[in-house]
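Data block below; observations after.
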Amino acid sequence: MLNIIPAIDIIDGQCVRLTEGDYNQKKVYNNNPVEVAKAFEDAGFEYLHVVDLDGAKAKHIVNQAILEQIATATNLTIDFGGGIKTTQDIQLALDSGANQVTVGTIAAQQPTLFLEWLDYYGNEKLILGADVKEGYIATHGWQQSSEYTLVDFLTMYIQKGVKYVICTDVSKDGNLQGSAVGLYQELMQQFPELKLIASGGVSSIEEIQQLQNIGCYGAIVGKAIYEQKISLEQLTTL
């Protein structure tokens, strides 16, 4: 069973989408993320992916108030990312209503700290963010690349107990030209026990069915919803 996870990306309190993580290619879709989240819940969704793009840039959480408002107004299971750089950031996100927190840059740059968090919070609360650009892990809101290849990065952390991974192919994100199905298939073959959440470029129902067939745990859908390429009804009746 593939979990469909609609996405809300926040800049200046608004629902936006970027293309390939480029802040200069921003499109605003709604001025009220809480209303968007409620609409997702009303349509029948159970999960929500929230990204604090202001936080990713500022290197600390910025939009915790909106997170708290969404968590208060809905019963959605929320994973939250963007700007998670300190233990205080993780705690703030959880205290503001996030059920899970996604960590990417710190895992790539400060593995010892990430492993401390994994030990303290457990692998149900922490999601490893594996954003990949030309085969290497991208960091700092996709603005930089690390020394880790995707497979080495996942191997290292799965051996340490990581259970959930959101993997985004940066080149696909926001382009509505399809996600990296081949990449996800390779990952599921290599790490069959992984709860892999596909992200970036999902643009059709057929593609979502492919992701389900190869064993992905979830699929994050953003721009395809906002651009009405896929309807909420189609997603909730799969």
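The values are calculated or read from the model by the stated rules, or taken from the named source; none is laboratory data. Predicted, not measured: the structure shown is a model, and the values here were computed from it. Because the Cβ atoms are built from the backbone with ideal geometry, glycine has one as well, and the counts that use them run over all protein chains shown.
Somewhere in region 176-199, is a residue in contact with a Gly (Cβ under 9 Å, 6 or more places away or on another chain), polar (S, T, N, Q) and part of a strand (DSSP E or B)?
Yes, some residue in region 176-199 is in contact with a Gly (Cβ under 9 Å, 6 or more places away or on another chain), polar (S, T, N, Q) and part of a strand (DSSP E or B).
Among the residues of region 203-238, write down those that are β-branched (Val, Ile, Thr), assigned to a loop (DSSP other than H, G, I, E, B) and closer than 24 Å to Tyr157 by Cβ. Spell out the reasoning first.
So the first thing to find is which residues in region 203-238 are β-branched (Val, Ile, Thr), and the list is 205, 208, 214, 220-221, 225, 230, 236-237.
Among the residues that remain, those that are also assigned to a loop (DSSP other than H, G, I, E, B) are: 214, 230, 237.
If the condition is that a residue be β-branched (Val, Ile, Thr), assigned to a loop (DSSP other than H, G, I, E, B) and closer than 24 Å to Tyr157 by Cβ, then Ile214 is the only one that fits.
Could you pull out the residue among Leu235, Leu176, Leu211, Leu187 that is closer than 20 Å to Asn123 by Cβ, surrounded by 15 or more Cβ atoms within 10 Å (Cβ to Cβ) and either modelled with pLDDT of 95 or more or of a type outside the set (Val, Ile, Thr) (or both)? Full working, then the answer.
Values: Leu235 fails: closer than 20 Å to Asn123 by Cβ; Leu176 fails: closer than 20 Å to Asn123 by Cβ; Leu211 fails: closer than 20 Å to Asn123 by Cβ.
Selected residue: Leu187, the only one of Leu235, Leu176, Leu211, Leu187 that is closer than 20 Å to Asn123 by Cβ, surrounded by 15 or more Cβ atoms within 10 Å (Cβ to Cβ) and either modelled with pLDDT of 95 or more or of a type outside the set (Val, Ile, Thr) (or both).
Looking for something assigned to a strand (DSSP E or B), surrounded by fewer than 21 Cβ atoms within 10 Å (Cβ to Cβ), touching a helix residue (DSSP H, G or I) at 6+ places or on another chain (Cβ under 6 Å) and not basic (Lys, Arg) - is there at least one such residue anywhere in region 12-25?
no
Give the residue, chosen from Gly141, Gly129, Gly182, that is at pLDDT 90 or above, under 13 Å from the mean Cα position of the chain (by Cα) and under 24 Å from Ala224 (Cβ atoms).
Working: Gly141 fails: at pLDDT 90 or above; Gly182 fails: under 13 Å from the mean Cα position of the chain (by Cα).
Just a single option satisfies the conditions, and that option is Gly129.
One line per residue, one yes/no per condition, for (1) touching a residue at least 40 places away in the same chain (Cβ under 8 Å); (2) of a type in the set (D, E, K, R); (3) more than 28 Å from Pro33 (Cα to Cα):
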{"position": "Thr149", "(1), (2), (3)": "no, no, yes"}
{"position": "Tyr157", "(1), (2), (3)": "yes, no, yes"}
{"position": "Gly161", "(1), (2), (3)": "yes, no, yes"}
{"position": "Ser171", "(1), (2), (3)": "yes, no, no"}
{"position": "Gly182", "(1), (2), (3)": "no, no, yes"}
{"position": "Glu186", "(1), (2), (3)": "no, yes, yes"}
{"position": "Leu232", "(1), (2), (3)": "yes, no, no"}
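Filter region 31-64 down to the residues that are small (Gly, Ala, Ser) and modelled with pLDDT of 95 or more, then identify the one that is surrounded by the fewest Cβ atoms within 10 Å (Cβ to Cβ). Steps first, please.
The initial filter retains those residues of region 31-64 that are small (Gly, Ala, Ser), namely 37, 39, 43-44, 55-56, 58.
Right, trim to modelled with pLDDT of 95 or more and you get 37, 39, 43-44.
Working: Ala37: 25, Ala39: 16, Ala43: 14, Gly44: 12.
Here the answer is Gly44.
Condition first: farther than 14 Å from Lys163 by Cα and either of a type in the set (Phe, Trp, Tyr) or surrounded by fewer than 23 Cβ atoms within 10 Å (Cβ to Cβ) (or both). Now tell me which residues in region 118-135 satisfy that. Please lay out each step first, then the result.
So the first thing to find is which residues in region 118-135 are farther than 14 Å from Lys163 by Cα, and the list is 120, 131-135.
Residues satisfying the conditions are Tyr120, Lys133, Glu134, Gly135.
Say whether the condition of being of a type outside the set (Lys, Arg), assigned to a strand (DSSP E or B), over 20 Å from Asp22 (Cβ atoms) and touching a helix residue (DSSP H, G or I) at 6+ places or on another chain (Cβ under 8 Å) is met by at least one residue in region 120-143. Please lay out each step first, then the result.
Going residue by residue through region 120-143, those that are of a type outside the set (Lys, Arg) are 120-124, 126-132, 134-143.
Cutting the leftovers down to assigned to a strand (DSSP E or B) gives us 126-132, 136-139.
Filter once more, keeping what is over 20 Å from Asp22 (Cβ atoms): 126-128.
Filter once more, keeping what is touching a helix residue (DSSP H, G or I) at 6+ places or on another chain (Cβ under 8 Å): 126, 128.
Yes, region 120-143 has at least one match.
In region 11-36, what residues are in contact with a strand residue (DSSP E or B) (Cβ under 6 Å, 6 or more places away or on another chain) and hydrophobic (A, V, I, L, M, F, W, C)?
Residues satisfying the conditions are Cys15, Val16, Leu18, Val28, Val36.
Would you mind finding the one in Ile84, Ile106 that is surrounded by 22 or more Cβ atoms within 10 Å (Cβ to Cβ), β-branched (Val, Ile, Thr) and either in contact with a Ser or Thr (Cβ under 8 Å, 6 or more places away or on another chain) or assigned to a helix (DSSP H, G or I) (or both)?
Working: Ile106 fails: surrounded by 22 or more Cβ atoms within 10 Å (Cβ to Cβ).
Of Ile84, Ile106, the one residue that is surrounded by 22 or more Cβ atoms within 10 Å (Cβ to Cβ), β-branched (Val, Ile, Thr) and either in contact with a Ser or Thr (Cβ under 8 Å, 6 or more places away or on another chain) or assigned to a helix (DSSP H, G or I) (or both) is Ile84.
Taking the condition modelled with pLDDT under 95, touching a strand residue (DSSP E or B) at 6+ places or on another chain (Cβ under 9 Å), aliphatic (A, V, I, L, M) and within 25 Å of Phe40 (Cβ to Cβ), does Val170 pass? Even if it seems obvious, please write down each step before you answer.
Numbers: modelled with pLDDT under 95: yes; touching a strand residue (DSSP E or B) at 6+ places or on another chain (Cβ under 9 Å): yes; aliphatic (A, V, I, L, M): yes; within 25 Å of Phe40 (Cβ to Cβ): yes.
The answer is yes for Val170.
Check Ile158 against each of (1) touching a His at 6+ places or on another chain (Cβ under 9 Å); (2) modelled with pLDDT of 95 or more and name the one condition it does not meet.
Evaluating Ile158 over (1) touching a His at 6+ places or on another chain (Cβ under 9 Å); (2) modelled with pLDDT of 95 or more leaves (1) as the failure.
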